[in-house]
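The values are calculated or read from the model by the stated rules, or taken from the named source; none is laboratory data. Bear in mind that the values here come from a model prediction, so they are computed numbers and not experimental data. Here the Cβ is made from the backbone with ideal geometry for all residues, glycine too, and neighbour counts use every protein chain on show. Protein only, heavy atoms only, side chains kept; ligands, DNA and RNA dropped before computing areas. Shrake-Rupley method; radii C 1.70, N 1.55, O 1.52, S 1.80 Å.
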Amino acid sequence: MNAAGEVLLLHVKGIARVYLEPPSPGSPAGRNCAAVARVPDLAGQLVRAAVLADRRAGASWAEIGAGLGIRAEAARRRFGRTRTAAPADRGG
């Protein structure tokens, strides 16, 4: 598993712990929403990393699109400029 996958997995495990524990007195309002707020971004990083790995392995846009449940052209438009899954390398 790549770094993005490991980060996502650790984050989701942390969220699961939040939901399994009863709220303690004085717990900040909105803590559950705050806990899950990063999941879409982390999942996006994981998808970009998977696309990059598959492209480096020689997968076609049709194969990548099929794996994502979208058309080849949509996959190419969405991920065609993907170079890395690291947030620091995405201009931020």
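If you take the residues of the range 51-77 that are open to solvent by less than 70 Å² (accessible area, probe 1.4 Å) and in contact (Cβ under 8 Å) with a residue 24 or more places away in the chain, which of them is farthest from the chain's Cα centre (by Cα)? Here the residue is ALA75. In the range 24-47, what residues are open to solvent by 80 Å² or more (accessible area, probe 1.4 Å) and among the hydrophobic types (A, V, I, L, M, F, W, C)? Residues satisfying the conditions are ALA29, CYS33. Quick check on the range 33-47. Is at least one of its residues in contact with a Lys or Arg (Cβ under 9 Å, 6 or more places away or on another chain), part of a loop (DSSP other than H, G, I, E, B) and modelled with pLDDT of 80 or more? No, the conditions are met nowhere in the range 33-47. Does PRO23 meet the test of being out of contact with any Gly (no Cβ under 6 Å at 6 or more places or on another chain) and part of a loop (DSSP other than H, G, I, E, B)? Yes, satisfied.
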